[in-house]
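What follows is a short report on a single structure.
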Amino acid sequence: SVPVASFTISKLSWLHRCEPERFARIARVLLPHDWLTFQMSGRFTTDRGDASGTGYWSPREDRWRPDLLEVVDDGKDWDACLPDVLGPTDVVRERDGAVIAPGTGDNMAAALGVALEPGQVAMSIGTSGTVYTVSDKPTADPKGYVAGFADATGRFLPLACTLNGMRVIDTFARLLQVDLTGFDQLALAGEPGAGGLVLLPYLDGERTPNLPAATGTIGGLRADVTPEQIARAAVEGVVCGLLDALEALRVGGVTVRPADGIVLLGGGGRLHAFQRVLADLSRCPVSVPRGEPVATGACVQAASVLHQADPEEVATAWDVGAGYWLEPDMDLDIRAVRSAYAELRDRYYATS
């Protein structure tokens, strides 16, 4: 993965340059879930999924890369700072009759919690947005759009991230002075294409494409604009950004099969407007799983560690991917929506 600002190695580099006295005190480098595991077990461990997001663990080689950390500081004993990387069914330790599992990252747990299959597309709309799949082979995108993560089963999780998901909806709900239910109703009432209103939702910079200093842009604004059109444009803008991320996976050489159905996850996935707009703009069926897939994935991992069973077998036995499906409106002409967004995006990108 190309180490963007959100990666641990980039944060360590910042700490080394900007707060050298604190950097000098580093004894161990742990991610939040690793620290919780340490508090419960007394062991310094992590898993493949979270390790792959640090920027200094290679999913392809299945090992830490302290040589990359030496770019940050070549005088520190990095081997002594790094936790053990456990496999999917490894036991951290037993405590008070309970078995402690390795844990993993949120997207990795969600993939486990819906039994995501190789090539099947998941889209998660939280504060930011992610688009990913499971793969049997590692990926590498020199452009940096696709992060080459590992999953929680021993496979890989190529992922593209957008910075602007529900934060866009929260912002426009505040401007329209409605709650999320009211915003959802407004967006559903707005006509497809939002009457020509187009939102480029780069409110707080963007990662796909990599424009850290970007701001949001509205095109097609007229004096007769309605709240319904504003809400609809916000949802369509976020979805178009996620579809750009899906295209980044394709361009990065990742095998994806959105036509088999897109699994919609995250808090934003509960909004009916997102479900409808994603189905229509992607022209693919959308699956909305029941429950909380990240928490379900944690339960699947716990059961697989307790019983020393393959995580995929547990997920399949529990039928964790079940939910309801939404079919696209194939009579709807979505070309104008996608082309208007692409035109505004390309114009902004060319001048940035």
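The values are calculated or read from the model by the stated rules, or taken from the named source; none is laboratory data. Every value quoted in this text rests on a predicted model; they were computed, and no experiment measured them. Note that each Cβ is placed from the backbone with ideal geometry, even for glycine, and that neighbours are counted across all protein chains shown. Surface areas here come from the heavy atoms of the whole protein model, side chains and all, with no ligands, DNA or RNA. Shrake-Rupley method; radii C 1.70, N 1.55, O 1.52, S 1.80 Å.
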Query raised in the report: Using alpha carbons only, how many degrees (0 to 90, rounded to 10) separate the axis of helix 32-41 from the longest principal axis of the chain?
Result: 40 degrees
Query raised in the report: Angle between the Cα long axis of helix 180-189 and the longest principal axis of the chain, 0 to 90 degrees, nearest 10?
Result: 40 degrees
Query raised in the report: How far is helix 335-351 tilted, in degrees, relative to the longest principal axis of the Cα atoms in the chain, given as a value from 0 to 90 rounded to the nearest 10?
Result: 60 degrees
Report summary line: CD proxy, 222 nm, the chain: helix-only mean residue ellipticity via -39,500 (n - 2.57) per DSSP H run with n ≥ 4, per residue, nearest 500, stands at -12000 deg cm²/dmol
Query raised in the report: Residue farthest toward the positive end of the dipole of the chain, with Cβ of Lys/Arg at +1 and Asp/Glu at -1: which of Gly268, Val256, Ile9?
Result: Ile9
Query raised in the report: Rounded to a whole number, what % of the accessible area of the chain do carbon and sulfur atoms account for, probe 1.4 Å?
Result: 52 percent
Query - Theoretical gain in end-to-end length, His16 to Asn210 [0.36 nm per residue, Cα-Cα removed] - result: 67.4 nm
Requested in this report: Starting from the Cα-Cα distance between Gln185 and Arg222, subtract it from 0.36 nm times their residue separation and give me the gain in nm to one decimal.
Outcome: 11.1 nm
**Report entry** Size of the chain as Cα extents on the principal axes (Å, biggest first)
**Finding:** 63, 49, 38
Query - Qualifying lysines (Cα of each under 19 Å from Cα of Lys11; at least 8 residues distant if same chain) - result: Lys76
Requested in this report: For a label point 7 Å from the Cα of Leu332 along Cα→C-beta, name the residues of the stretch 190-204 whose backbone N is under 19 Å from it.
Outcome: 190-201
Query raised in the report: So what is the orientation-averaged projected area of the stretch 41-134, using the convex hull of its C-alpha atoms, in nm²?
Result: 8.2 nm²
Query raised in the report: Roughly how many Å² is the accessible area per residue of the chain, as a whole number, for a 1.4 Å probe?
Result: 46 Å²
